[in-house]
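One structure below.
The values are calculated or read from the model by the stated rules, or taken from the named source; none is laboratory data. The shown structure was predicted, so the numbers you read here are calculated from the model rather than taken from an experiment. Note that each Cβ is placed from the backbone with ideal geometry, even for glycine, and that neighbours are counted across all protein chains shown. We work out accessible area using only protein heavy atoms, side chains counted, and drop any ligands, DNA or RNA first. Shrake-Rupley method; radii C 1.70, N 1.55, O 1.52, S 1.80 Å.
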Amino acid sequence: MKKVVLLSILFATVGSLSLSAQKNNTLTKKEKKQGWTLLFDGKSFDGWRKCNSTEMAVNWIIDDEAMEVGKNKEKEGWGQGGDILFGSKKYANFELSIDWKIEPKGNSGIFYYVVEYPEKAIYYAAPEVQVLDNWNASDNKLTNHLAGSLYDILPALPQNAKPAGEWNTIVIRVKDGKATHTQNGVKVVEYELWTPEWYELVSKSKFKDWPGFKEGPAKEGYIGLQDHGYDCWFRNIKIREL
């Protein structure tokens with residue numbers, strides 16, 4: 001009899017936890033109190049548009065409550081041409097949280113402080129947080145090209161990204177130039193923008209001769225997501241100003 005009672009309690013507890021699990025693309029009461037807002041509701045691209053355009057990129061769709069890029073590969077703009085940004089607001093001091101997953105061999109990126117320059121890609125002047133299949137992507141030879149890294153500048157250490165097809169969570173926090181990347185609950189990158197140390201890091205990267213990096217980045221800008229020619233999904237995109 002005791003076993004039956006204990007099992008009943010266990011099943012009731014598990015059922016209660018399942019019912020109370022937070023739905024995707026929603027905010028809890030606590031998050032709302034903390035100032036979080038959603039940038040994606042799981043149903044529409046409201047607020048989003050293609051970089052350097054007033055229209056949304058044609059090769060993004062909404063699939064299973066997530067933004068997905070790469071499905072419409074036959075359409076013009078696929079592959080490094082369909083980068084998008086949240087164009088409703090620019091952010092300076094913020095904390096941004098995003099869930100992402102990627103196809104095998106996939107490569108993509110998350111950007112902040114995006115400034116639009118005519119005929120220039122989203123990464124021209126904006127820091128990039130790498131999204132990658134660390135095991136199979138061709139761009140996995142350098143540690144600062146692995147998932148969660150400040151792309152080509154600082155590696156994400158310890159490297160704790162999950163394999164292709166599994167969801168990861170990255171939290172990017174920037175306050176008065178001090179930035180951190182927290183991947184799957186672990187702080188993996190820390191740096192400070194606009195300092196001599198920052199420009200020294202840039203001087204050793206592929207961006208050393210890029211005007212957007214030699215002079216920047218800007219002190220505020222848009223949040224952006226990359227179309228790098230691979231299937232990639234994003235959900236639970238939320239931000240709070242600091």
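Laid out as a table, the results:
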item	result
Count of the range 97-112 residues which are part of a loop (DSSP other than H, G, I, E, B) and open to solvent by less than 10 Å² (accessible area, probe 1.4 Å)	1
Glu128 vs. criteria touching a strand residue (DSSP E or B) at 6+ places or on another chain (Cβ under 8 Å) and either exposed (fewer than 15 other Cβ atoms within 10 Å of the Cβ) or among the basic types (Lys, Arg) (or both)	no
Failed criterion for Phe207 (all others in (1) open to solvent by 20 Å² or more (accessible area, probe 1.4 Å); (2) touching a residue at least 40 places away in the same chain (Cβ under 8 Å) hold)	(1)
Test: residue in the range 138-150 that is at pLDDT 95 or above, surrounded by 19 or more Cβ atoms within 10 Å (Cβ to Cβ), touching a strand residue (DSSP E or B) at 6+ places or on another chain (Cβ under 8 Å) and part of a strand (DSSP E or B)	yes
Residues being under 19 Å from Asn107 (Cβ atoms) and modelled with pLDDT under 90 - total across the range 59-81	10
Residue identified as touching a Pro at 6+ places or on another chain (Cβ under 7 Å) and on the phi < 0 side of the Ramachandran plot among Trp100, Trp135	Trp135
Filter result for Asn134 (without any contact (Cβ under 8 Å) to a residue 60 or more places away in the chain, surrounded by fewer than 24 Cβ atoms within 10 Å (Cβ to Cβ) and in contact with a strand residue (DSSP E or B) (Cβ under 8 Å, 6 or more places away or on another chain))	no
Filter pass, Thr169 being closer than 19 Å to Ser97 by Cα, open to solvent by 30 Å² or more (accessible area, probe 1.4 Å) and either of a type outside the set (Phe, Trp, Tyr) or part of a loop (DSSP other than H, G, I, E, B) (or both)	yes
Unmet requirement for Ser53, which otherwise passes all of (1) among the hydroxyl-bearing types (Ser, Thr, Tyr); (2) farther than 25 Å from Lys120 by Cα; (3) without any contact (Cβ under 8 Å) to a residue 60 or more places away in the chain	(2)
Number of the condition not met by Pro118 [criteria: (1) open to solvent by 10 Å² or more (accessible area, probe 1.4 Å); (2) within 15 Å of the chain's Cα centre (by Cα); (3) at pLDDT below 95]	(2)
